[in-house]
């Protein structure tokens, strides 16, 4: 059924009904991705990251809990309890682990679950620890079973159980470990096994950032990068940052590139908006792929409900990318809803994209 558009909104091109041949450049795809850009991380992240808990902007509840935990651990001269941080990518889990190490005056060893494939990988890491050190394991939900089981006695009793030999001659040797803190980070807390999750003394969720918090982050980063920005310019960048500091800093760098080429000294609201429009990031932080997904559901599936596989096939985007990169923001901000029958766009999406919202009785009932 055709969908009427509001007469006072510009025409939005319909998405093709076959698999889309339109492709974004890698640059456009990664601009609003909350995943780390390792090239930029190596160049800038170290100097942008706050070094102290007092300098960390946002996550007030988490900061309060960790301030208390740090004070208590120092008072007892014990390491911090093991800490599990979960939530969308780009919200500061790695940064927080480095801050904890700095506050406790210890070293922080950073790794990720995919890098710990063999027992000797985690064994080598554990035996190299000094008392009080912190291990940060990103994507901890991806640990394999053997590595995870080696962590159980290490986390609980500071002991490493190593099996020597095979079969009937195999022997288990216990190696004492210095007290340490494991900080695990995950975007999928539910994917952790219960035995592993239960060994964390502190479990906290990181939330998306508010506009005023992101504005402060943009201003702080701009000062570090020697990029002059007005208050309204910082707000404009923050507004389009999808509630994520990593994206805010990435957008700031791109806007800085734009004003440098244009030979302008200060990032104003107008210049920030112009630059981000050039990169196809709209006023609500939606990019080309966000709008492609929403337009496809509206045009091809009558607004939904529709399954993720069908959306991926119709847009030509990877299913995992849609689910992990784009969908969380669309769900969190009310552009998309998810039920047992599939994904459905909301009235907010219709209005934002310039469509006339459907009447409830006009919604399809067939499951695609």
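Could we say that residue 287 is under 20 Å from the mean Cα position of the chain (by Cα) and farther than 28 Å from residue 51 by Cα here?
Details: under 20 Å from the mean Cα position of the chain (by Cα): yes; farther than 28 Å from residue 51 by Cα: yes.
When the stated conditions are applied, residue 287 passes them.
Looking at 179, 195, can you tell me which residue is assigned by TED's automatic domain parsing to the domain that holds residue 56, touching a residue at least 24 places away in the same chain (Cβ under 8 Å) and assigned to a loop (DSSP other than H, G, I, E, B)? Walk me through it before giving the result.
Values: 195 fails: assigned to a loop (DSSP other than H, G, I, E, B).
Within the list 179, 195, the selection yields 179.
Check the range 138-151 and report whether any residue there is touching a residue at least 40 places away in the same chain (Cβ under 8 Å), assigned by TED's automatic domain parsing to the domain that holds residue 90 and part of a strand (DSSP E or B).
Yes, there is a match, as at least one residue in the range 138-151 is touching a residue at least 40 places away in the same chain (Cβ under 8 Å), assigned by TED's automatic domain parsing to the domain that holds residue 90 and part of a strand (DSSP E or B).
Which one of these is over 26 Å from residue 193 (Cα atoms) and surrounded by 13 or more Cβ atoms within 10 Å (Cβ to Cβ): 93, 74, 60?
Working: 93 fails: over 26 Å from residue 193 (Cα atoms); 60 fails: surrounded by 13 or more Cβ atoms within 10 Å (Cβ to Cβ).
Residue meeting the stated conditions: 74.
Limited to the range 56-90, what total is found for residues that are part of a loop (DSSP other than H, G, I, E, B), in contact with a helix residue (DSSP H, G or I) (Cβ under 7 Å, 6 or more places away or on another chain) and either touching a residue at least 60 places away in the same chain (Cβ under 8 Å) or closer than 27 Å to residue 142 by Cα (or both)? Lay out the reasoning, then the answer.
As a first pass, look at the range 56-90 and keep what is part of a loop (DSSP other than H, G, I, E, B): 56-59, 77-82, 87-90.
Those left that are additionally in contact with a helix residue (DSSP H, G or I) (Cβ under 7 Å, 6 or more places away or on another chain): 56-58, 79-82, 88, 90.
Going one step further and asking which of them are either touching a residue at least 60 places away in the same chain (Cβ under 8 Å) or closer than 27 Å to residue 142 by Cα (or both), we end up with 57-58, 79-82, 88, 90.
Here the count works out to 8.
Please work out which one of (1) within 26 Å of the chain's Cα centre (by Cα); (2) in contact (Cβ under 8 Å) with a residue 40 or more places away in the chain; (3) surrounded by fewer than 16 Cβ atoms within 10 Å (Cβ to Cβ) is the condition residue 354 fails and give its number.
(1) is the only condition that residue 354 fails.
Any chance the range 321-336 includes a residue that's surrounded by 15 or more Cβ atoms within 10 Å (Cβ to Cβ), in a strand (DSSP E or B) and at pLDDT 90 or above?
yes
Any chance you could count how many residues in the range 237-288 are touching a residue at least 40 places away in the same chain (Cβ under 8 Å), surrounded by fewer than 16 Cβ atoms within 10 Å (Cβ to Cβ) and more than 20 Å from residue 327 (Cβ to Cβ)?
Qualifying residue count, the range 237-288: 1.
Of the residues 285, 304, which single one is at positive phi and either part of a helix (DSSP H, G or I) or in contact with a strand residue (DSSP E or B) (Cβ under 9 Å, 6 or more places away or on another chain) (or both)? Don't jump to the end; show me each part of the working.
Values: 285 fails: either part of a helix (DSSP H, G or I) or in contact with a strand residue (DSSP E or B) (Cβ under 9 Å, 6 or more places away or on another chain) (or both).
So the residue among 285, 304 that is at positive phi and either part of a helix (DSSP H, G or I) or in contact with a strand residue (DSSP E or B) (Cβ under 9 Å, 6 or more places away or on another chain) (or both) is 304.
The values are calculated or read from the model by the stated rules, or taken from the named source; none is laboratory data. Treat the numbers as computed from the prediction; the structure is a model and nothing was measured. In this analysis, Cβ positions are derived from the backbone assuming ideal geometry, glycine residues included, and neighbour counts consider all displayed protein chains.
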